[in-house]
Amino acid sequence: MHDLAFDIAHLLTGSLVLVSFMLLYQGRMFSLLNVFALHAFVLSLSVAWQALVQGAPHLYVTAALALVFKAIVIPVALHRIVRRLGIHQTLEIVAGIGPTMLAGMGLVALSIVVMLPVTVGVDTLAREDLAFALSVVLLGLLMMVTRRNAVSQVIGFMSLENGLVLAATGAKGMPLVVEISIAFSILIAFIVIGIFLFRIRERFDTVDVHALDRFRGERL
Amino acid sequence: MTPLSFDAVMAVLAIPVVAAGGLALLPGYRIPARLNVVAAFLTFLASSSLFIARPEPGTYFLVDDLNIVFIVLTTFVGFTTSAFSASYIAHELDTGRLTPMYLRFYHAMYQVLMFAMNLALIANNVGLMWVAIELATLTTVLMVGIYRTHEALEAAWKYFILGSVGIALALLGTILFYVAAQPVVGPGLDAMAWTILIEEVAAFDPALLNLAFVFLLLGYGTKVGLAPLHAWLPDAHAEGPTPISAVLSGLLLNVALYAVLRFKMLLAANADALAPGPLMVTMGLSSLIFAAFMLYRRRDIKRMFAYSSIEHMGIITFAFGMGGPLANFAGLLHMTMHSLTKSAIFFAVGHIAQVKGTQRLSEIRGLTETHPVLGWGLVLGVMAIAGLPPLGIFMSEFLVVSSTFAREPLLAIPLVAGLLVGFGALLLRLNGIAFGEPHGGTGPAQASYVPMFTHLALALVAGVYLPPPLVTWFLHVAALLG
């Protein structure tokens, strides 16, 4: 069971979780974008490896999509948007770095505790893949919660989505993976284009709770 | 598979796609608005023909007794809403809230939304259904933000973030379901097809199914608008164009609920998996009670009816969670009645907000004096939605309550309390809106009242007399739901 293919798959998915942690503590916009590009790059490597190991050539499409679209196009586009709209370069993390990292570790532990016992019947590779994928999803959620800024929320969502792609490729022979990853890419593309077209600049700069109350039109 | 029935399924999907393409190209608003109505009507006809000639389930598409109810309801409300939209949108263009360019986009998106909802309902594949619901989310996000005011963008953003997280969790649940199915069914499309899953589900690993269902319930539950995942819903309803509020409340919430129901049926068919009922009962009940109290604090008319939608989705989820023939029957009936009534209310509210020039409850007063038809239409609609006899919702709520009393008397107490609290809030607000000293604009409404009164008449007829074939049909579906 513990052959080289298994170890490499393990290494790649493990690195994805690690990069998710790196995303959590980035305090600068451009470094956040770069780390996200790395996240997508590791994902595409991992998916490509799965494609090779499972002998499923259609997964190469997903891997290529992750590489071209999420590791190159989106970060470059976001770079440009950030520069063009003059968005703040420093990011605040609501709860502080320390507690956020601790919470992240708790989530990883949680997903292992949840996932491993219920997947006894599944083969080991898919099983640990799923546990890691759930960690990446939860870390993405954590990032969306701890960031107030729209670009970092989008990054958080995209890292969450990378976790889902990881889970989908880990499930052996799952159909429609390519279609699903395309659907997700369209979703993200729309959002990024939407950010740019609508130029919701205020949204990037200040979103504190009081501003939200005003927008809700219920504070008289 | 007969050629005719195959065509009907294709037509339900293809007409909206073709119409969306055409509407994206056509300039002006009169012709596109009519074309939108015609396309929606044709889709409705095509879906009705599914009653007569039912196609065999295929690899990708499936029409069975359960989803045909949803499909016909969706296409019908889609059709009437498009008729309402035609009279609503002219005013938006006059006041400059929408430019012709955005209007083109709006009409095209309306048809894409119809396509996505029909696809989600008709899909025989959990992955395809997920893609369709994602598409529906995406189009509604774009439409909610179409006015491009700060509030609208804020609402669209919130909807996008929460909706995407919900959709993402649902996908994780779907993947886990596949992982559970794969050892038994084998890899490939079969392990995602309803028709095959429902036969084989008894042999799946129950622990994995449980985990998958929790994610699916949370994920699709976000789209249903169940508390505590409902936060996007009031904003999205309040800030988007009113036809979209009507479609969101009347249809899209149902589509998400349909997804939950399908998975509930799967879980129920596995003896060792956790019973999905109590989870749904809890979420439904908490949505109902939460929304009922929140109704008192609303100052915006569309937001108020959005909370009322949360309340009713709570009741429906509760009923389906209770299970059993009677509660399921009540849930189905309530869902149908809620779709008809709530969209009728939004039709009225859309025109009211236009003539009054505001959505603030404090500035809308004495409607029955200034605009008798709209005012009384709203009164009738709110009476229906609050659950007064002899309208349809009274009957379905009565059935929900009586079946709960018969089986779980303790649960009936919070249920009835929630219903009464919501009832009080609606009547209190209605009193202010419809009666009293007139306030706000008194200009004539350029409204078409036909869609609104058609829906209300249907709700009234259903409350008084349900045709026996319909009852038999619903009872049959209720038995299927388990």
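The values are calculated or read from the model by the stated rules, or taken from the named source; none is laboratory data. Just so it is clear, the model here is predicted, and its values are computed rather than measured. Don't worry about glycine lacking a Cβ; one is built from the backbone with ideal geometry, like all the others, and counts go over all protein chains shown.
Restricted to helices (runs of 4 or more DSSP H) entirely inside the range B:242-350, those with at least 2 residues that are within 30 Å of B:Ala203 (Cα to Cα) and not hydrophobic (A, V, I, L, M, F, W, C) are B:253-268, B:276-294, B:301-322. Looking across the range B:244-272, the residues that are more than 21 Å from the chain's Cα centre (by Cα) and surrounded by 23 or more Cβ atoms within 10 Å (Cβ to Cβ) come down to B:Leu266, B:Leu267.
Can we say A:Leu164 is facing chain B (nearest Cβ under 9 Å), hydrophobic (A, V, I, L, M, F, W, C), under 15 Å from the mean Cα position of the chain (by Cα) and assigned to a helix (DSSP H, G or I)? Yes. Within the range B:400-452, the set of residues being farther than 17 Å from B:Ile315 by Cα and among the basic types (Lys, Arg) comprises B:Arg429 only. Looking across B:Gly127, B:Gly78, one residue alone is under 27 Å from B:Ala212 (Cβ atoms) and of a type in the set (Gly, Ala, Ser). It is B:Gly127. Inside the range B:432-441, residues that are more than 11 Å from B:Gly375 (Cα to Cα) and surrounded by 13 or more Cβ atoms within 10 Å (Cβ to Cβ) make up a count of 6. Taking the numbered list (1) of a type in the set (Val, Ile, Thr); (2) in contact (Cβ under 8 Å) with a residue 40 or more places away in the chain; (3) over 30 Å from B:Tyr449 (Cβ atoms) in turn, B:Val416 passes all entries but (2). Being over 20 Å from B:Leu138 (Cβ atoms), at pLDDT 85 or above, buried (at least 17 other Cβ atoms within 10 Å of the Cβ) and touching a helix residue (DSSP H, G or I) at 6+ places or on another chain (Cβ under 7 Å) is a property that holds for B:Val72.
Are any of the residues in the range A:187-194 surrounded by fewer than 19 Cβ atoms within 10 Å (Cβ to Cβ), of a type outside the set (Lys, Arg), in a loop (DSSP other than H, G, I, E, B) and modelled with pLDDT under 80? No, the range A:187-194 has no match at all. Total residues in the range B:190-216 satisfying the condition of being under 31 Å from the mean Cα position of the chain (by Cα), at the interface with chain A (Cβ under 9 Å from one of its Cβ atoms) and not in a helix (DSSP H, G or I): the figure is 0.
Each row is one residue, and each column tells you yes or no for (1) of a type in the set (A, V, I, L, M, F, W, C); (2) more than 14 Å from chain A (Cβ to nearest Cβ); (3) buried (at least 21 other Cβ atoms within 10 Å of the Cβ).
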site: B:Gly277; (1), (2), (3): no, yes, no
site: B:Lys302; (1), (2), (3): no, no, yes
site: B:Ser309; (1), (2), (3): no, yes, yes
site: B:Ile316; (1), (2), (3): yes, yes, yes
site: B:Pro325; (1), (2), (3): no, yes, no
site: B:Leu332; (1), (2), (3): yes, yes, yes
site: B:Ser362; (1), (2), (3): no, no, no
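Inside the range B:389-412, residues that are under 23 Å from the mean Cα position of the chain (by Cα) and buried (at least 17 other Cβ atoms within 10 Å of the Cβ) make up a count of 10.
Checking each residue in the range A:119-145 for being surrounded by 22 or more Cβ atoms within 10 Å (Cβ to Cβ) and either outside any helix (DSSP H, G or I) or β-branched (Val, Ile, Thr) (or both) picks out A:Thr119, A:Val122, A:Val136, A:Val137. The selection criterion, being out of contact with any Gly (no Cβ under 9 Å at 6 or more places or on another chain), under 21 Å from B:Ile15 (Cβ atoms) and either surrounded by 19 or more Cβ atoms within 10 Å (Cβ to Cβ) or within 14 Å of chain A (Cβ to nearest Cβ) (or both), holds for B:Ala116. Can you tell me which residue in the range B:131-168 is nearest to the other protein chains (Cβ to nearest Cβ), limited to those that are touching a residue at least 60 places away in the same chain (Cβ under 8 Å) and in a loop (DSSP other than H, G, I, E, B)? Among those that are touching a residue at least 60 places away in the same chain (Cβ under 8 Å) and in a loop (DSSP other than H, G, I, E, B), it is B:Gly145.
If a residue counts only when it is of a type in the set (Phe, Trp, Tyr) and either touching a residue at least 40 places away in the same chain (Cβ under 8 Å) or within 21 Å of A:Ala168 (Cβ to Cβ) (or both), which helices (runs of 4 or more DSSP H) contained entirely in the range A:1-71 have at least 2 such residues?
On the way: elements: A:4-24, A:29-54, A:58-65.
In the range A:1-71, A:4-24, A:29-54 are the helices (runs of 4 or more DSSP H) which contain 2 or more residues that are of a type in the set (Phe, Trp, Tyr) and either touching a residue at least 40 places away in the same chain (Cβ under 8 Å) or within 21 Å of A:Ala168 (Cβ to Cβ) (or both).
Scoring A:Ile180 on the criteria (1) of a type outside the set (Phe, Trp, Tyr); (2) closer than 25 Å to A:Gln89 by Cβ; (3) within 7 Å of chain B (Cβ to nearest Cβ) leaves a single failure, condition (2).
Out of the residues in the range B:378-436 that are of a type outside the set (Gly, Ala, Ser) and either in a loop (DSSP other than H, G, I, E, B) or touching a His at 6+ places or on another chain (Cβ under 6 Å) (or both), which is nearest to B:Leu279 (Cα to Cα)? Give the steps one after another, and end with the answer.
Of the range B:378-436, the ones of a type outside the set (Gly, Ala, Ser) are B:378-380, B:382-383, B:385, B:388-391, B:393-395, B:397-401, B:404-405, B:407-411, B:413-416, B:419-421, B:423, B:426-431, B:433, B:435.
Retained after the next criterion (residues that are either in a loop (DSSP other than H, G, I, E, B) or touching a His at 6+ places or on another chain (Cβ under 6 Å) (or both)): B:388-391, B:408, B:435.
Numbers: B:Leu388: 29, B:Pro389: 30, B:Pro390: 32, B:Leu391: 30, B:Glu408: 15, B:Phe435: 41 Å.
That would be B:Glu408.
Would you check which residues across the range A:68-91 are small (Gly, Ala, Ser) and over 20 Å from A:Asn162 (Cα atoms) and list them? First the steps, then the outcome.
Start the filter on the range A:68-91 by keeping residues that are small (Gly, Ala, Ser), which leaves A:71, A:77, A:86.
Residue satisfying the conditions is A:Gly86 alone.
Of the residues that make up the range B:121-130, is at least one within 7 Å of chain A (Cβ to nearest Cβ), farther than 21 Å from B:Gly221 by Cβ and of a type in the set (S, T, N, Q)? No, because not a single residue in the range B:121-130 is within 7 Å of chain A (Cβ to nearest Cβ), farther than 21 Å from B:Gly221 by Cβ and of a type in the set (S, T, N, Q).
Within the range A:119-131, residues that are touching a residue at least 12 places away in the same chain (Cβ under 8 Å) and facing another protein chain (nearest Cβ under 10 Å) have Cβ atoms under 7 Å from residues that are in a loop (DSSP other than H, G, I, E, B) and surrounded by fewer than 21 Cβ atoms within 10 Å (Cβ to Cβ) in these pairs: A:Ala126/A:Lys172, counting only partners at least 6 apart in sequence or on another chain.
Evaluating B:Pro187 against the criteria (1) part of a helix (DSSP H, G or I); (2) without any contact (Cβ under 8 Å) to a residue 24 or more places away in the chain; (3) within 10 Å of chain A (Cβ to nearest Cβ) leaves one unmet condition, (1).
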